[in-house]
Amino acid sequence: MKKDTATTTRKAEHVQINLERDVSSTLATGLERIHFIHQALPEINLDDVSISQNLFGKTISSPILISSMTGGTSKTAEINQKLASAAHETGIAMGLGSQRAAIEDPEQAYTFKVRKYAPDILLFANIGAVQLNLGYGVDTCQKAVDMIEADALILHLNPLQEALQPEGDTQFKDLLVKIEKICAKLTVPVIVKEVGWGISAQCAHILNDIGVTAIDVAGAGGTSWSQVEMYRNDDPYAAETAAVFRDWGITTVDSILNVKENAPEVTIFASGGLRNGLDIAKCLAMGAKLGGMAGLFLQAATTEYDHLLRTIQRLSREIQICLFATGKQNLHDFDHSVIQINNKVR
């Protein structure tokens, strides 16, 4: 058996920790302060409510995204294949975990190649943006896209996580101009994604200016990757440093508002502590096109396939009921008019 690289070992540790440890942020997402305006006379039939939409040239049945999680090991290959099959059966979008492991070691590419299990889904490739300062360029990004026949590329931003990793890459200087080049020359749309600490107004503004197609806000309130790195670290002093940052970040709600106000040309994906269809619907009403989850699907993917499938179907039903109970028949009409936001959110 081929020996694991440092990257594949790290990915395996990330999955194990997420499944076995409490790695939640101590911050609330802000979604608890958003409430729907109930309509006792919706004047529509529930069965006539559609939650489908067109995005990046494809039709998706439900505005749910299986957020980028993993790949690079035999175990994660099985997880990705199961997730892709469920995404195909339910008509939702899916992102892959960082493909760095497969770029470094082509023998690991099979752990990401899920297109045969999901020929029609909206599928996102994934590379760490910092790698653009470490030798990756347009050709490498295109290789990641071609590897999985992706519809778009995610460049993920994780400066805090890298700073807390013993093997972290922290060369983030002059990264913006390199992202701009990828946006201009790649054959598919570029999505910039945080990994759990949110998007500031300043960041949203500059990403808008360089031609990013979409931003996945990945706000604080869900998985805390500082906690994940705390559990990974054998050095007690370094682990204590990681623990300090458990409540770091910009909440999911504030991140969505930051992008909406400062990046008007950018499509918004919402993630970070979303726990059910009601949370996804709140994000959609605020202006997001997709609501992403990772932990819930990771847990479900390690059980029976039917449980994973029913979980996705349940979330879709909850979103559909939200539209019905607010008197909206489709996502085009489902906007800020259906919600009230507590003044304390901002």
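May I ask you to list the residues in segment 142-194 that are hydroxyl-bearing (Ser, Thr, Tyr) and over 30 Å from residue 238 (Cβ atoms)?
The answer is 187, and nothing else.
For the list (1) more than 16 Å from the chain's Cα centre (by Cα); (2) under 24 Å from residue 215 (Cβ atoms), I need the number of the one condition that residue 306 fails.
With (1) more than 16 Å from the chain's Cα centre (by Cα); (2) under 24 Å from residue 215 (Cβ atoms) applied to residue 306, the lone miss is (2).
Would you be able to tell me the number of residues in segment 213-252 that are within 21 Å of the chain's Cα centre (by Cα), farther than 15 Å from residue 160 by Cα and surrounded by fewer than 22 Cβ atoms within 10 Å (Cβ to Cβ)?
Summing the residues that are within 21 Å of the chain's Cα centre (by Cα), farther than 15 Å from residue 160 by Cα and surrounded by fewer than 22 Cβ atoms within 10 Å (Cβ to Cβ) in segment 213-252 gives 1.
Which condition number does residue 128 fail, the rest of (1) modelled with pLDDT of 95 or more; (2) out of contact with any Ser or Thr (no Cβ under 9 Å at 6 or more places or on another chain) being met?
(2)
What are the residue pairs meeting all of these: first residue in segment 110-138, first residue of a type in the set (Phe, Trp, Tyr), second residue part of a strand (DSSP E or B) and surrounded by fewer than 20 Cβ atoms within 10 Å (Cβ to Cβ), Cβ atoms under 7 Å, and 6 or more apart or on different chains?
Every condition considered, no pair remains.
Residues of segment 262-271 being in contact (Cβ under 8 Å) with a residue 60 or more places away in the chain and either in contact with a helix residue (DSSP H, G or I) (Cβ under 7 Å, 6 or more places away or on another chain) or surrounded by 24 or more Cβ atoms within 10 Å (Cβ to Cβ) (or both), which ones?
262, 266, 269, 271
Find the strands (runs of 3 or more DSSP E) located wholly in segment 265-346 whose residues include 2 or more that are hydroxyl-bearing (Ser, Thr, Tyr) and either closer than 13 Å to residue 51 by Cα or at pLDDT 95 or above (or both), and list them.
267-271
Which one is surrounded by the most Cβ atoms within 10 Å (Cβ to Cβ), of the residues in segment 66-122 that are in a helix (DSSP H, G or I) and among the aromatic types (Phe, Trp, Tyr)?
Among them, the one singled out is 117.
Quick check, is residue 242 closer than 28 Å to residue 152 by Cβ and touching a residue at least 60 places away in the same chain (Cβ under 8 Å)?
Here the answer is no, as residue 242 does not meet what is asked.
Mind listing whichever residues of segment 148-174 are touching a residue at least 40 places away in the same chain (Cβ under 8 Å), crowded, with 17+ Cβ neighbours inside 10 Å and in contact with a Pro (Cβ under 9 Å, 6 or more places away or on another chain)?
151, 152
Kindly check whether there is at least one residue in segment 203-212 that is among the acidic types (Asp, Glu), within 20 Å of residue 264 (Cα to Cα) and surrounded by fewer than 17 Cβ atoms within 10 Å (Cβ to Cβ).
For segment 203-212, residues among the acidic types (Asp, Glu), within 20 Å of residue 264 (Cα to Cα) and surrounded by fewer than 17 Cβ atoms within 10 Å (Cβ to Cβ): present.
Say whether the condition of being surrounded by 24 or more Cβ atoms within 10 Å (Cβ to Cβ) and not in a strand (DSSP E or B) is met by at least one residue in segment 30-47.
Yes; the residues of segment 30-47 include at least one that is surrounded by 24 or more Cβ atoms within 10 Å (Cβ to Cβ) and not in a strand (DSSP E or B).
Of all residues in segment 180-194, how many are closer than 15 Å to residue 125 by Cα and in contact with a helix residue (DSSP H, G or I) (Cβ under 7 Å, 6 or more places away or on another chain)?
6
The values are calculated or read from the model by the stated rules, or taken from the named source; none is laboratory data. Given the structure is predicted, the values throughout are model-derived calculations rather than measurements. Note that we place each Cβ from the backbone using ideal geometry, even for glycine, and neighbour counts take in every protein chain shown.
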